[in-house]
Amino acid sequence: MINILITSENAARLSQIVSLIGECGNYRTTRVAGRPSSLVERGDSLDAFDVLIVDASSLETAELPVVGKLCHRRPQVTSILLIPDASPQTLIEAMRAGFRDVLGWPLNKTSLCEALSRIESQLALNGTHETQIVSFLSCKGGAGTSFIASNVAHAISDSQQKRVLLIDLSQLFGDAAFLVSDEKPPSSLPQMCAQVERMDAAFFDACLVHVSDTFHILAGAGDPVKASEIKEERLEWILGIAVPRYDVVIFDLGQSINPLSILALDRSNQIHLVLQASMPHVRAGRRLQEILASLAYPADRTRLLLNRYTRHGERARAALEEVLGMRPYQVIPEDTEIVSESVNHGVPVAKLSRNSAVSRSLLALASNIVSLSAGSEEARLKGEPRLSRFFGRSPAPKLKAM
Ligand SMILES: Nc1ncnc2c1ncn2[C@@H]1O[C@H](COP(=O)(O)OP(=O)(O)OP(=O)(O)O)[C@@H](O)[C@H]1O
Ligand SMILES: [Mg+2]
């Protein structure tokens with residue numbers, strides 16, 4: 001998938017461009033409010049992007065010399081200029097600076113789609129790298145979301161030989177890093193967000209917990225006050241530069257549905273809802289399902305994970321399947337002894353006891369997540385960003401009454 005970076009001084013136009021790109025196809029976008037010079041300090045983190053779109057009101061604000069330098073150092077980045085005056089003279093000057101395409105404003109969707117399609121074909125010839133993005137969301141506090149997200153992340157890196165990044169976006173008391181590592185996180189998401197302007201690849205790497213060479217964690221805020229310091233546009237930048245570096249990115253979203261978690265959900269190929277076999281969880285699961293439907297996330301991207309399952313949960317499980325209209329994608333059994341030992345020592349459960357039922361179910365989940373065909377990628381939501389629907393939501397499709 002092409003990773004596109006867009007700069008503009010105009011926030012409304014940024015959103016409009018992202019929306020049009022969504023209509024063109026399945027592209028990953030990152031917005032930066034400002035002129036191209038605001039990217040200079042960001043060093044080699046810009047290497048994560050395939051396309052740079054500069055929206056400018058004039059050649060002066062397009063900062064051609066700056067873009068020229070940025071492009072010269074990164075021949076793999078294709079740049080597109082959006083400008084009201086797309087005259088032949090503008091075209092010549094922009095091309096000299098390294099822009100591949102110049103499109104007039106108002107932006108014509110067909111021209112934009114054609115430009116992106118040309119770049120996509122070129123990149124396909126060179127072989128592109130796909131990242132699978134998977135979110136874990138709690139139906140109710142304490143459902144086991146962090147335990148599952150962190151252990152599945154470990155299992156995917158360990159048994160499936162993938163490069164995995166776990167991002168703890170849980171905004172209450174993010175603790176996912178401590179469940180699979182005894183290392184003190186060198187930094188946290190809000191700390192990283194505070195420094196995005198000077199974040200190059202080495203700096204990014206130094207902020208992560210390195211559980212192994214192929215499993216890294218970006219630690220959560222730790223408490224809701226610090227979590228409130230995470231700004232959406234900064235998180236968007238971190239995701240823009242982080243995602244292409246991994247085969248799989250896993251989000252622990254906790255219980256929150258807000259602009260930050262929507263940023264993650266918008267990018268997710270799979271959304272796993274974690275719940276237990278009890279009526280309070282069934283009711284909460286149903287509410288969450290309604291919210292996701294109202295935000296237009298397609299049901300086929302959603303999966304249920306039934307955690308802490310025991311044989312006493314049979315009736316509640318039947319009610320759950322009836323009310324939510326879905327069968328659990330994976331059942332994870334209750335195993336208080338092994339799970340307590342795992343979380344208390346910060347050791348992945350598969351390392352402690354690979355053959356236990358809880359480990360086997362998590363390994364099976366990891367394997368299923370990875371083996372999902374690339375076809376599911378195409379099912380990813382296109383079009384307008386979900387945020388606009390979050391605040392001006394269309395009515396939810398009818399779900400089964402409880
Ligand atoms: N399958 C299981 N068997 C036994 N205990 C479990 C299982 N899954 C989770 N637990 C226990 O449940 C507790 C809560 O788990 P976890 O922190 O992952 O929940 P959470 O949904 O992330 O909670 P929060 O809402 O606080 O973020 C942990 O103490 C863990 O030991
Ligand atoms: Mg949690």
In whole Hz and in residue order, list the ³J(HN,Hα) couplings for region 168-178 that follow from phi through the Karplus curve 6.51 cos²θ - 1.76 cosθ + 1.60, θ = phi - 60°; x for Gly and Pro. 8, 9, 6, 9, 8, 9, x, 9, 4, 4, 6
Return the subset of 162/351; 231/351; 184/231; 162/184 for which the Cα-Cα distance in this structure is over 26 Å, preserving the input order. 231/351
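Using the count of nearby Cβ atoms within 10 Å as a rough guide to exposure, how do 95, 1, 199 rank from fewest to most?
Ranked by crowding around the Cβ, least crowded first: 95, 1, 199.
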Test item: Cα-centred dipole of region 3-126, Lys/Arg +1 and Asp/Glu -1 on Cβ, debye: 140
Around residue 215, which amide H atoms from residues at least 5 apart in sequence, or from another chain, sit under 5 Å from its own amide H, with H modelled in the peptide plane? 164
I'd like to know which of 21, 91, 154 lies farthest towards the positive end of the charge dipole of region 2-154, counting +1 on Cβ of Lys and Arg and -1 on Cβ of Asp and Glu. 154
For residue 140, list the aspartates and glutamates whose Cα falls under 15 Å from its own Cα; do not include residues on the same chain fewer than 8 positions away. 252, 290
Helix 109-126 axis, angle to the chain major axis (alpha carbon atoms, nearest 10°): 70
Could you point to the residue in 279, 304, 368 farthest towards the positive end of the chain's charge dipole, with +1 and -1 charges on the Cβ of Lys/Arg and Asp/Glu respectively? 279
Considering Cα pairs under 8 angstrom that are at least six residues apart, work out the relative contact order of the chain and quote it in whole percent. 19
Would region 132-391 count as rounded, prolate or oblate if I go by the C-alpha gyration tensor, calling it rounded below 1.5 in a/c and otherwise prolate when a/b exceeds b/c, oblate otherwise? oblate
First check a/c for region 1-136, with a ≥ b ≥ c the square roots of the eigenvalues of its C-alpha gyration tensor; if it is under 1.5, answer rounded, and if not, answer prolate when a/b is larger than b/c or oblate otherwise. rounded
In debye, nearest 20: dipole of region 295-361 around its Cα centre with unit charges on the Cβ of K, R (+) and D, E (-)? 180
Taking the Cα centre of region 132-391 as the origin, how large is its charge dipole in debye, to the nearest 20, when only Lys and Arg (+1) and Asp and Glu (-1) carry charge on their Cβ atoms? 680
Given contacts defined as C-alpha pairs under 8 Å and at least six residues apart, what's the relative contact order of region 162-276, whole-number percent? 40
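Just so you know, all these numbers are worked out from the coordinates, no wet-lab data involved. Bear in mind the structure is a predicted one, so any value in this text is a computation, not a measurement. Positions of Cβ are backbone-derived with ideal geometry, glycine not excepted, and every protein chain shown enters the neighbour counts.
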